[in-house]
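One structure is given below, encoded as structure tokens.
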């Protein structure tokens, strides 16, 4: 009787969240690429960086959010050009924490994404981890597939936790940067944008933010899409987004929030391609570990809103 009551209560609560309040039941974890697995600097990957990443507790927190070491975790290396090496590193890393049920989904093309065995794994996983690499590979391979629909359903309705580092983080939003050199990002047209995997709407995520000087890149993306909030993730740093709104910062670095809602003047529609852009009243917040941000309200919170609420 108790289990039936619990099931009915949980179903009713989730129904209210999803369909009435439009709140996802899962969590998103976006990481700035501390360990550089599968990024454009794949050749610089080192064992030291790997250990540093884990010592900071980011991956440990990922495991905790996914439900603990016995939960079913999938590692997706689609974005990487060295998938086998990256998967081995992740499998070893999760193993260090005692995870006993981790699988590698070696999806390299759209045919792979349609394979029944990968679709079944996606349905069973409690959490999924997207590696870094080329975020355009993620959108072109998964876009419009049953596999992506399963992940979106899992995130919205079944409490699925989806994590991603570097390219895997950038692809989570509906508006995604896929190209743009930092030294040219102040010029109109140098920042290329497309549709991401769309787990979150009205945000744009950039990674390796401080180390690669990507402020202008994110600023141009937000100036072109003022309804979106820009999230610049530093290395060794991540954010956990709960309920599609509460963003909590984890790790050792900083997260830069770029808010374009109050932009007044912008010349971005008036100047020609390759011309420097100007933007007035772009709002910037800098968050570190322990800070939070409410995406819908566009509000900086010194501590975690959940923790502050529990103290009252």
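We did not get these values from a lab; they are worked out from the coordinates using the rules stated. This one's a predicted model, so the numbers in the text were calculated from it and none came from an experiment. Backbone-built Cβ (ideal geometry, glycine too); neighbour counts: all protein chains shown.
With 10 angstrom as the radius, rank 118, 155 by how many other C-beta atoms surround their C-beta, starting from the fewest.
Values: 118 19, 155 23.
Ranked by crowding around the Cβ, least crowded first: 118, 155.
Within the range 156-240, the proportion of Cα pairs with more than 20 Å between them is 28 percent.
Where the eigenvalues come from the Cα gyration tensor of the range 214-312, what are the semi-axes √(5λ) of the equivalent ellipsoid, largest first, in whole Å?
Equivalent ellipsoid of the range 214-312: 29, 14, 9 Å, largest first.
Using equal-weight Cα scatterers in the Debye expression, the normalised intensity of the range 167-208 in log10 at q = 0.22, 0.29, 0.34 Å⁻¹ is -0.67, -0.96, -1.12.
Quarter the surface of the alpha carbon convex hull of the range 133-175 and you get the mean projected area, 3.0 square nanometres. Each Cα pair of the range 26-307 feeds into the Kirkwood radius, which the Stokes-Einstein equation turns, at 4 °C and 1.567 mPa s, into a diffusion coefficient of 69 µm²/s.
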